[in-house]
Amino acid sequence: MKRLKYSRQRESIKACLMSRHDHPTADALYMSIHEEFPNISLGTVYRNLNLLVEMGEIRKLSCGDSADHFDGDISPHYHFVCRSCGAVSDLPMEISSTLNDMASQHTKGHIENHTTYFYGTCEDCLRKTQKEIS
């Protein structure tokens, strides 16, 4: 893979993403980056995020809410997606290697890894619902 020329904007986008744990969308990152680079366009943020994904430096998460989310942590881990507010968070649990073994029994191909999303309602949304009921 050819080496890309250094870009302050791309490095700033990556640094901003690495400092966050909320798995933001490109729009949310744009709002954060725009403070440091007022002339940056949303298109530039999208292009650089996609480049960083292609380079394997960040991960793109498609959680089913039509907006891609981005994760600076590329280590294998699971995610929880709140169906109410759309928040995406890491699940601090061990990756199941037995899941790969079980899935291997259903394909003639070779399974290398897996991506798993857990869906439900986050603690904040549950609390809001409880307050509305009370």
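The values are calculated or read from the model by the stated rules, or taken from the named source; none is laboratory data. What you see is a predicted model, and the numbers here were worked out from it, not measured in a lab. Backbone-built Cβ (ideal geometry, glycine too); neighbour counts: all protein chains shown. Accessible surface areas use protein heavy atoms only, side chains included; no ligands, DNA or RNA. Shrake-Rupley method; radii C 1.70, N 1.55, O 1.52, S 1.80 Å.
Given the structure, is GLU57 out of contact with any Phe, Trp or Tyr (no Cβ under 9 Å at 6 or more places or on another chain), open to solvent by 40 Å² or more (accessible area, probe 1.4 Å), over 15 Å from THR116 (Cα atoms) and in a helix (DSSP H, G or I)?
no
Quick one: in segment 1-38, which of the residues that are modelled with pLDDT of 90 or more and hydroxyl-bearing (Ser, Thr, Tyr) is most open to solvent (accessible area, probe 1.4 Å)?
SER19
Among the numbered criteria (1) farther than 30 Å from LEU4 by Cβ; (2) touching a residue at least 40 places away in the same chain (Cβ under 8 Å); (3) part of a helix (DSSP H, G or I), which single criterion is violated by LEU52?
(1)
Can you confirm whether segment 65-76 contains a residue that is without any contact (Cβ under 8 Å) to a residue 40 or more places away in the chain, under 19 Å from LEU17 (Cβ atoms) and touching a Gly at 6+ places or on another chain (Cβ under 6 Å)?
yes
Could you tell me which numbered condition MET31 fails, if it satisfies all but one of (1) assigned to a helix (DSSP H, G or I); (2) in contact (Cβ under 8 Å) with a residue 24 or more places away in the chain; (3) aliphatic (A, V, I, L, M)?
So MET31 meets the others, but not (2).
Report, ordered by the first and then the second residue, all pairs with beta carbons closer than 6 Å, sequence separation of six or more or different chains, a first member in segment 98-111 that is in contact (Cβ under 8 Å) with a residue 24 or more places away in the chain, and a second member that is of a type in the set (Asp, Glu) and open to solvent by 90 Å² or more (accessible area, probe 1.4 Å).
Between residues of segment 98-111 that are in contact (Cβ under 8 Å) with a residue 24 or more places away in the chain and residues that are of a type in the set (Asp, Glu) and open to solvent by 90 Å² or more (accessible area, probe 1.4 Å), there is no close pair.
In segment 66-90, how many residues are in a loop (DSSP other than H, G, I, E, B), surrounded by 14 or more Cβ atoms within 10 Å (Cβ to Cβ) and out of contact with any helix residue (DSSP H, G or I) (no Cβ under 9 Å at 6 or more places or on another chain)?
2
Is it true that ARG47 is under 25 Å from LYS5 (Cβ atoms), open to solvent by 50 Å² or more (accessible area, probe 1.4 Å) and part of a helix (DSSP H, G or I)? Working first, answer last.
Details: under 25 Å from LYS5 (Cβ atoms): yes; open to solvent by 50 Å² or more (accessible area, probe 1.4 Å): yes; part of a helix (DSSP H, G or I): yes.
Yes.
Determine whether segment 93-111 contains at least one residue that is under 26 Å from LYS14 (Cβ atoms) and among the acidic types (Asp, Glu).
Scanning segment 93-111, I find no residue that is under 26 Å from LYS14 (Cβ atoms) and among the acidic types (Asp, Glu), so the answer is no.
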